[in-house]
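Data block below; observations after.
The values are calculated or read from the model by the stated rules, or taken from the named source; none is laboratory data. This is a predicted model, so every value here is computed, not measured. All Cβ positions, even for glycine, are placed from backbone atoms using ideal geometry, and neighbour counts span all protein chains on display.
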Amino acid sequence: MMYRLHFARLGLAGLLGLFIMPLSANEFAQLKLSTGTQDNVARALHAEDEERSTYVRAELGAGKLMQLGLNDSLTVNASIAKEKHFSFSGFDNSEAGVSLALQHKFGFGPYTPRIAAELGATRQFYRGQARDNTLLSAALSLEKRFNPALRFSAAIDMQTVATDTLPDNPEVSAFGYSPTIRLPYELFDYDSQGIQVSADYTFVNRIILMASVRRTNGSTVASTTNPTFKTYKVSSAFYADPAFNEGWFAYRLDANTNDWSMAVSLPLGQDSAIDLAARYLDIAGPARHHYQNRLFTLTFVQNF
């Protein structure tokens, strides 16, 4: 609990520090208010376990850009967020995060390629300790604008997800699947690697179309009401799922995820917009098992 409070205070302190002084040209802040839905919040394999969830989310971020030279800059950013699910309160979560990005331009002008290295840390808090996690990430990206409208970027990244040690759970112990197989309880404790390609196109009326595709090699956490011995054997972690009522269990699988997304940003003013986005996740687990999830979001964005 003390760790949780300390991390949240760090994120809040970073935001307050950036807001105490009036924002200069090199300082920025952004507020996002969104609502969305996903049709398989449990990442379920079987139709009887699929659950649709509608949620609202508020996110506040602020940062500062520091010019290190003619072609180099450093950006620091801090953010806090809160998410509320209407049907499944166990997926309600709060998060605090910080990031640091170093960027280099290969010359002068708006069409010069840019390369950036970024480090980030995010802590998420859920109902029940099993889903609380800390995400550490490192990314390397390349960006190129081809004309005033079209921009292209590509990135590779590595992520480490860690969680606290979980206590014994009587619901899990009661199964007694095998005396020789004792899976770890820590669901969110794994590494992953990803690659992403994205592009956006800005029209003369400032409407922006965006598209991206991402491939992640790592793990996924799925939930079920019918944890079979076969599922247990192919899992790398297993625990009672606190996001649902009694009778649900979560398990971690080695998985590769294809994440496709498209969005359109409609300007409301000089510093505000409405974003409409759609995502499709195809998660391939062991034994050719596939999990799908579709997400749709509507977001109000205000820049300061």
* Asked: among the aliphatic types (A, V, I, L, M), touching a Ser or Thr at 6+ places or on another chain (Cβ under 8 Å), in contact (Cβ under 8 Å) with a residue 12 or more places away in the chain and over 24 Å from PHE125 (Cα atoms), is that true of VAL197?
  -> yes
* Asked: Out of all the residues in the range 77-91, is one or more among the basic types (Lys, Arg) and either closer than 30 Å to ALA42 by Cβ or within 19 Å of the chain's Cα centre (by Cα) (or both)?
  -> yes
* To do: For ARG145, indicate whether it is surrounded by 14 or more Cβ atoms within 10 Å (Cβ to Cβ), within 24 Å of GLU59 (Cα to Cα) and at pLDDT 95 or above.
  => no
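Going by the structure shown, is SER34 among the polar types (S, T, N, Q) and at pLDDT 95 or above?
Here the answer is yes, as SER34 does meet what is asked.
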* Asked: Does ASP49 satisfy the condition of being in contact with a Lys or Arg (Cβ under 7 Å, 6 or more places away or on another chain), closer than 26 Å to ALA284 by Cβ and of a type outside the set (Ser, Thr, Tyr)?
  -> no
* Give me a count of the residues in the range 81-107 that are surrounded by 14 or more Cβ atoms within 10 Å (Cβ to Cβ) and in a loop (DSSP other than H, G, I, E, B). => 2
* To do: Sort out which residues of the range 184-224 are surrounded by fewer than 18 Cβ atoms within 10 Å (Cβ to Cβ), outside any strand (DSSP E or B) and either touching a His at 6+ places or on another chain (Cβ under 9 Å) or not β-branched (Val, Ile, Thr) (or both), and write them in order of number.
  => PRO184, PHE203, ASN205, ARG206
* To do: Working only within the range 35-75, note down all residues that are more than 30 Å from TYR251 (Cβ to Cβ) and crowded, with 16+ Cβ neighbours inside 10 Å.
  => LEU60, GLY61, ALA62, GLY63, LYS64, LEU65, SER73, THR75
* Asked: Assuming ALA211 fulfils every condition listed in (1) under 27 Å from THR134 (Cα atoms); (2) within 22 Å of the chain's Cα centre (by Cα) apart from one, which condition is it?
  -> (1)
* **Filtered residue count, the range 121-134, keeping only those that are without any contact (Cβ under 8 Å) to a residue 60 or more places away in the chain, touching a Gly at 6+ places or on another chain (Cβ under 8 Å) and either within 19 Å of ARG57 (Cα to Cα) or buried (at least 18 other Cβ atoms within 10 Å of the Cβ) (or both)** => 1
* Could you say whether any residue in the range 229-245 is out of contact with any strand residue (DSSP E or B) (no Cβ under 6 Å at 6 or more places or on another chain), under 30 Å from PHE28 (Cβ atoms) and either touching a residue at least 60 places away in the same chain (Cβ under 8 Å) or not charged (D, E, K, R) (or both)? -> no
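Conditions (1) charged (D, E, K, R); (2) modelled with pLDDT of 95 or more, marked per residue:
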residue: ALA8; (1), (2): no, no
residue: LEU23; (1), (2): no, no
residue: HIS46; (1), (2): no, no
residue: ALA62; (1), (2): no, yes
residue: LYS82; (1), (2): yes, yes
residue: SER89; (1), (2): no, no
residue: SER94; (1), (2): no, yes
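Within the range 201-210, identify whether any single residue is at positive phi and modelled with pLDDT of 90 or more, and answer yes or no.
Scanning the range 201-210 turns up at least one residue that is at positive phi and modelled with pLDDT of 90 or more.
Could you list, in sequence order, the residues of the range 93-112 that are within 12 Å of SER79 (Cβ to Cβ) and of a type outside the set (A, V, I, L, M, F, W, C)?
Once the filter is applied, which keeps residues that are within 12 Å of SER79 (Cβ to Cβ) and of a type outside the set (A, V, I, L, M, F, W, C), the range 93-112 yields SER94, GLU95, GLY97, SER99.
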* Enumeration of residues in the range 252-281 that are under 23 Å from TYR126 (Cβ atoms) and either among the charged types (D, E, K, R) or more than 19 Å from the chain's Cα centre (by Cα) (or both) -> ARG252, ASP254, ASP259, ARG279
